[in-house]
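The values are calculated or read from the model by the stated rules, or taken from the named source; none is laboratory data. It should be emphasised that the depicted structure is a prediction, and the values quoted were computed from it without experimental measurement. As a convention, Cβ positions derive from the backbone with ideal geometry for all residues, glycine included, and neighbour counts pool all protein chains shown. Keep in mind that these areas ignore ligands, DNA and RNA; they rest on the heavy atoms of the full protein, side chains included. Shrake-Rupley method; radii C 1.70, N 1.55, O 1.52, S 1.80 Å.
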Amino acid sequence: MSSTDPTPESAVVPSTLRWAGWAIAAEGLLGLIVAVVYVVREATGHHEESISGYGTAVWFTVIGGAVMAGGIGLSLGKRWGRAIGVMAQILLLPVAYALLTSSNLPSIGAPVGIVAIGVLGLLFSPPSLQWLNAESLPPDAEE
């Protein structure tokens, strides 16, 4: 865009998507922190019979990194980040349910569920959908 062209209204990322993006990025960061905890536990001699601490850390690193990247991308106006965010929230809902019921950890399950539902609300809010459907937005690959 040249300096004489005004920035189109659709180029401004709505606050609903920016908030959702930062929440999603925080979820991804939390996943990366969990990966570090698993590595430290495994390295200090704590071994589980049914899981590999290092293998679980790799899984959390891959998933957490992707979710964090999607959240940051969405906050910066990259539409591809929304798909990662929606999938992460949908996957967190059964986790929240399990924490509320069979795991007897409502103090963790309730916040996880509330955040997942709240982020989904932000991702599917009218301002978010209107911005995402704007025809004047360039493809994500263009800078």
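Brief remarks follow.
- Cα long-axis angle, helix 53-75 against the chain (0 to 90 degrees, to the nearest 10): 20
- With respect to the chain, whose longest principal axis is taken over its alpha-carbon atoms, helix 15-43 is tilted by about 30°.
- Amide H contacts under 5 Å for residue 124: none, restricted to partners 5 or more places along the chain or on a different chain, H placed in the peptide plane at 1.01 Å from N.
- The residues of the range 5-143 expose, per residue, 60 Å² of accessible area to a 1.4 Å probe.
- Scoring 121-129, 100-108 by mean Cβ neighbours within 10 Å over their residues and listing the highest first yields 121-129, 100-108.
- Set of the range 14-56 residues, backbone N closer than 20 Å to the point 7 Å along the Cα-Cβ line of residue 83: 17-18, 20-22, 24-25, 28
- Equivalent ellipsoid semi-axes, the range 83-130, via Cα gyration tensor eigenvalues times 5, rooted, Å: 24, 10, 5
- Size descriptors for the range 44-90: radius of gyration and Dmax over Cα atoms are 14.5, 44 Å.
- The chain: angle of helix 106-123 to the longest principal axis, Cα-based, in degrees nearest 10: 20
- Dimensionless Rg/Rh of the chain - Kirkwood Rh, Rg from C-alpha atoms: 1.09
- Solvent-accessible area, 1.4 Å probe, carbon plus sulfur percent, for the chain: 70
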